[in-house]
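A short worksheet on the structure shown next.
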Amino acid sequence: GAIEIHAETVSLEKGSTIFSTTSGPGKSSDISVHADDSVGLSGFGSEGESAFIGTETRSKAENAGNAGNILIDTQTFSIADGAKINSLPYGAGHGGDIGVYAAEKIHLYGTGTDGKGCSVETGMADLLSDSTSESGDILFETKKLSVHDGAAISTGSLEKSGDITIRASESVRLSGHD
């Protein structure tokens, strides 16, 4: 199965989530979000959790399923307040790919209540484990990309890390904390 959302605007706030997981041989569901105007993740839940879109696999078996892919397609895309988009393997399965296509702008910024910056990541949930998983690729395609105030884009694996590809037709701005 797949999780697909089609709307004018998609907003995940106050710790809300879109999530798919597998703990067996099947792949977790792919997640696709298509918004004519914007997609945004921000705000904290009652227990301090940030907004989140994710797929994962949780099996150490040889035939473990892979984490699903995540696709975001919109005009403007923003992640704030420590929000996260990730595709992670906890064991033997591989992380899925993440593609963000925003015709105008992609903006990642700000930290959560735990002090960690918002992120888009594929890869191992625990780089200290004996996992044999590989991370997926990340692709950002937009006019303008801005990543600052503790935000991160990353892949990681003990086996094979995925590629990060950024296609920005006008500008890329990367900056640490202000």
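The values are calculated or read from the model by the stated rules, or taken from the named source; none is laboratory data. No experiment lies behind these values; they were computed from the predicted model shown. Here the Cβ is made from the backbone with ideal geometry for all residues, glycine too, and neighbour counts use every protein chain on show. Accessible surface is based on the protein model in full, side chains and every heavy atom, while ligands, DNA and RNA are left aside. Shrake-Rupley method; radii C 1.70, N 1.55, O 1.52, S 1.80 Å.
Working from the alpha-carbon coordinates of region 1-41, get Rg over Rh, Rh being the Kirkwood radius. All intermediate terms of the calculation are to be shown ahead of the outcome.
Values: Rg = 12.2 Å, Rh = 11.6 Å.
The Rg/Rh ratio comes out at 1.06.
In the chain, the portion of solvent-accessible area held by carbon and sulfur atoms comes to 45 percent [1.4 Å probe, whole percent, DNA, RNA and ligands not counted].
Shown here: P(r) over Cα pairs in 10 Å bins from 0, in percent, derived from the displayed model; of the candidates [x] 11, 38, 38, 12, 1; [y] 9, 36, 35, 17, 2, 0; [z] 8, 29, 25, 18, 11, 6, 2, 0, it corresponds to [x]. Pairs exceeding a 30 Å alpha-carbon distance, out of 27/144; 116/160; 14/105; 84/144; 14/160: 27/144; 14/160. The residues neighbouring residue 82, those whose beta-carbon lies less than 15 Å from its own, together hold a net charge of -4 under the Lys/Arg +1, Asp/Glu -1 convention. Rounded to whole Å, the principal axis extents of the Cα atoms in region 38-105 read 41, 33, 10, largest first. Across the chain, Cα pairs under 8 Å and at least six residues apart give a relative contact order of 17 percent.
Counting heavy atoms of the protein chains only and a 1.4 Å probe, report the per residue accessible area for the chain as a whole number of Å².
Working: 8410 Å² over 178 residues.
Each residue of the chain exposes 47 Å² on average to a 1.4 Å probe.
Which order do you get for 52, 140 if you rank them by accessible area with a 1.4 Å probe, largest at the top? Walk me through the intermediate numbers first.
Values: 52 40, 140 0 Å².
Descending order: 52, 140.
Let's test the formula: R0 of 35 Å, r as the Cβ-Cβ distance of residue 172 and residue 8. What FRET efficiency results, to the nearest 0.05? E(calc), rounded to 0.05, equals 0.80.
Shape class for region 7-74, computed from the alpha carbon gyration tensor (a ≥ b ≥ c): oblate, with a/c not under 1.5 and a/b at or below b/c.
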